[in-house]
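The values are calculated or read from the model by the stated rules, or taken from the named source; none is laboratory data. A quick note: this is a predicted structure, and the numbers were derived from the prediction, not measured. Glycine also receives a Cβ, built like all others from the backbone with ideal geometry; neighbour counts cover every protein chain displayed. Just the protein is used for accessible areas: all its heavy atoms, side chains included, with ligands, DNA and RNA removed. Shrake-Rupley method; radii C 1.70, N 1.55, O 1.52, S 1.80 Å.
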Amino acid sequence: MNLRDTHVALADFVTAHFPFGEIRRAQLDLRHRGLFSHNAVRPAPLFPGHYLPPVTPDVSQPSVDKAAVAQVLRDIALLLQLQGESGYRVRAYDMGADRIAGLPQELGPLVAEGRLESLPGIGPALAEKISELVTTGRLGYYEELKAKFPAGLLELVKLPDIGPKKVAVLWRELDVGSVEDLERACREGRVRQLRGFGEKSEAKILEGIAVFRRARGERKLLGEVMPVAEALLEQVKASPGVVRASLGGSVRRRAETVADVDIIASAPDPGPVLDALANAPGVATVLGKGGSKCSVRMIQGDLQVDLRVLPDEDYATALHHFTGSRAHHIRLRNLGHERGLKISEWGVHREDGTKVTVSDEAALYSLLDMQYVPPELREDNGEFEAAREGTLPQDLVTLEDVQGAVHAHSTWSDGKHSLEEMARAAQALGLKYLTVTEHSQAAIYAGGMKVEDLKRQWDEIDRINAAIPEVRLLKGIEVDILEDGALDYPDSVLEQLELVIGSIHVRHGMDEEQMTRRLLTALDNPHLHILGHPTGRLIQNREPYPVRMEEILERAAERGVTIEVNGKPARLDIKAEYVRQAVKLGVRLVVSCDAHRQEDLRNLAYAVATARRGWARKSDVLNTLPADRFLAALRARR
DNA sequence: GCCGTTTTCGGCCCGACTGTTTTCAGTCG
């Protein structure tokens, strides 16, 4: 293992050993102490002058991906607003950004074949600009626009309660061009002199700057936010008079990362419900509270939570409205419009103004002659077409379908809890089996198991299985896929195991050709049952390694290899888009927890969410089967 | 800037909340 590998392995090690909520704090902490640099988790130079190559992918070949194009379009929208352009023109760029960011396919072919304008919301002007950006790597129009304003101005709109209009005034009147300028202007009492600003605005801006510096406007991992959100939802549900309550927004859609938490509740009197959130444990600040809304910021992670309380007759339409996504809504409202129905958060109204009773979300969809669309699918990625044809899958996998937890470590390698403790935790969750898959010998940094230790572990597994008959521990391994695609144990060992997960942990820096060959070789190995975290990404921390994923999925289908949907919040690997491709190709899946401690068994929920976002049904997911049938299915290799 | 079995021109989602205002503008979702 060379130096670079050590660093990649270290990144994995850090994420494995800090509970997900602590990862970023740990990084920030280390960063402040000068041990880690800005983005990747990697050590500082060992001694002065010693240069460590970055672990992030090679950027020598410029490539403009969907996310980058969407970002440029969003920046243009902002800059146009600063310039005082028409709001509709601004919105066109914003909607274009949404459309591009949400594309299931890659941009390259669309540009090459001139099919950009076939996308709704993309007209001639946007198509031309996107083409220029994708083919040349830059966009003249954007450069010109940017040159008119100081670079720090775009940062300013990320501050709470500061939008383009206020930024424009601050810049024009006070020459404020950055967060630092704004902070100085507030401290010197110059902002309060502007029309539309006052003393309170100054104080709020300063507070906002402090929060911004702490959180850097980052989105948080779903798994980091979910426990806080669910606890608050329970508080709301328990408050006086509540009829119904639910999480909304991107949390309810189970997006990979979320910016904040929405809660929607119905009650005859909103007051006590709003108070319940304002007074909930863990609340740092009440940002605002009115007759029907309350916003708070939590101590944990500067997370913002918004609660809305309405009469129960408006609950279903409000819940639907605040679940989103924006793109899904636009389509839904258009469909309503075709039927003479006006759909808004306040309900469904006929053209004559009379209100249509909508008791729940299912009723809303049936009004439009379509199947119910589960929240995870509401992205305008084909769910409308399917739901109108009646071909939307109705049996998406659920957490209750899952019979066994896949991918668990114990103190035999780098886990925190013993095998027995893991088995007890699985039993408490009602799981029927748990696959024990420690690291293999090459994973020295993670206490990978030597071949000679396996026998002793199997003896222990036999003892625990006898003692806890409700949960069956399955004898497996998470074997390293070596640089040449070979597995880290000889065949004679692999064939004694009940199941084999193969994963890449080192040498992430290979190019696309090498990495694709490495994985294809592993898939051809008849002893491999499951390909673990196939793209190696760590959300907001490490890019996936370069690999031709479609080829991998096709080979997996051909060879009967099962693909892992890893539920660790920082991984979610493979991601939902690939799940959808895999399902189309007939690839079989497992939802996994990648557990390194008892609590991690709950990661199964995030794996299930990712599978659902990729339209996976119960029948696509092997660990919905009882243990014997699960093993038989895994081992049916081709 | 985009879009059209109402339209190639004239629409485009809109209400709550806050802080600034004496009736409203900006931001947010």
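What to note about this one:
- Antiparallel content of DSSP bridges confined to region A:412-507, in %, to 5: 5 percent
- HN-Hα J in Hz across region A:220-236 - Karplus 6.51, -1.76, 1.60, θ = phi - 60°, x for Gly and Pro: 9, 5, 3, x, 7, 8, 3, x, 5, 4, 5, 5, 5, 4, 4, 4, 5
- Extension gain (nm, one decimal) between A:Arg172 and A:Glu351, 0.36 nm per residue minus Cα-Cα: 59.9 nm
- Virtual spin-label span in nm between A:Ser492 and A:His337, 7 Å along Cα→Cβ: 7.2 nm
- Loop sites in region A:298-371: GluC sites (Glu not before Pro), DSSP, at most 13 other Cβ within 10 Å: A:Glu351
- Length gained on full extension, A:Tyr88 to A:Gln105: 3.4 nm, using 0.36 nm per residue less the C-alpha separation.
- Among A:548-555, A:373-380, A:588-595, the order from most to least packed when residues are scored by Cβ within 10 Å on average: A:588-595, A:373-380, A:548-555
- Sorting A:Thr624, A:Thr411 on solvent-accessible area from highest to lowest, probe radius 1.4 Å, gives A:Thr411, A:Thr624.
- What region A:339-380 shows is 48 Å² of accessible area per residue, with the surface traced by a 1.4 Å probe over protein heavy atoms.
- Sum of -39500 (n - 2.57) over DSSP H runs of 4+, divided by residues of chain A (222 nm, nearest 500): -13000 deg cm²/dmol
- Charging the Cβ of each Asp and Glu at -1 and of each Lys and Arg at +1, and nothing else, the dipole of chain A about its Cα centre rounds to 1200 debye.
- Each Cα pair under 8 Å and six or more residues apart adds its sequence gap; the mean of these over the residue count of region A:197-286 is a relative contact order of 28 percent.
- Within chain A, longest stretch clear of exposed chymotrypsin sites (Phe, Trp or Tyr not before Pro) (DSSP loop, no more than 16 other Cβ within 10 Å): A:52-345
- When the alpha carbon gyration tensor of region A:568-638 is reduced to an equivalent ellipsoid, the three semi-axes, largest first, read 19, 17, 10 Å.
- An oblate overall shape is assigned to region A:262-337, the ratio a/c of its alpha-carbon gyration tensor axes (a ≥ b ≥ c) being 1.5 or greater and a/b not exceeding b/c.
- Rounded Å value of the spacing that divides the Cα centres of region A:450-490 and region A:217-255: 38 Å
- Two-site label geometry, A:Arg244 and A:Asn279: point separation in nm, points 7 Å out along Cα→Cβ: 2.7 nm
- Over region A:171-222, relative contact order from alpha-carbon pairs under 8 Å, at least 6 apart, %: 26 percent
- Rel. contact order, % - alpha carbon contacts under 8 angstrom, at least six apart, chain A: 10 percent
- Remark: region A:217-308 is approximated by an ellipsoid whose semi-axes, taken from the C-alpha gyration tensor as √(5λ), come to 21, 14, 11 Å, largest first.
- Options A:Val72, A:Leu367, A:Pro160, ranked by Cα towards positive dipole end of chain A, top entry (Cβ charges): A:Pro160
- Neighbours of A:Cys186 by Cβ distance under 12 Å: Lys/Arg scored +1, Asp/Glu scored -1, total -1.
- Only protein heavy atoms count here; under a 1.4 Å probe, A:His417 has an accessible surface of about 40 Å².
- Rounded, prolate or oblate (a/c below 1.5 giving rounded, otherwise prolate when a/b exceeds b/c) for chain A by Cα gyration tensor: prolate
- Taking 7 Å steps out from each Cα toward its Cβ at A:Arg517 and A:Arg638 produces label points 2.6 nm apart.
- Counted charge near A:Leu332, where neighbours are those whose Cβ lies closer than 10 Å (Asp, Glu -1; Lys, Arg +1): +2
- A Förster radius of 45 Å, combined with the Cβ-Cβ distance separating A:Arg190 from A:Ile330, puts the computed FRET efficiency at roughly 0.65.
- Near A:Ile477: Cβ cut-off under 10 Å, other residues only, Lys/Arg at +1 and Asp/Glu at -1. The net charge is -4.
- Of all DSSP beta bridges in chain A, antiparallel share, percent nearest 5: 45 percent
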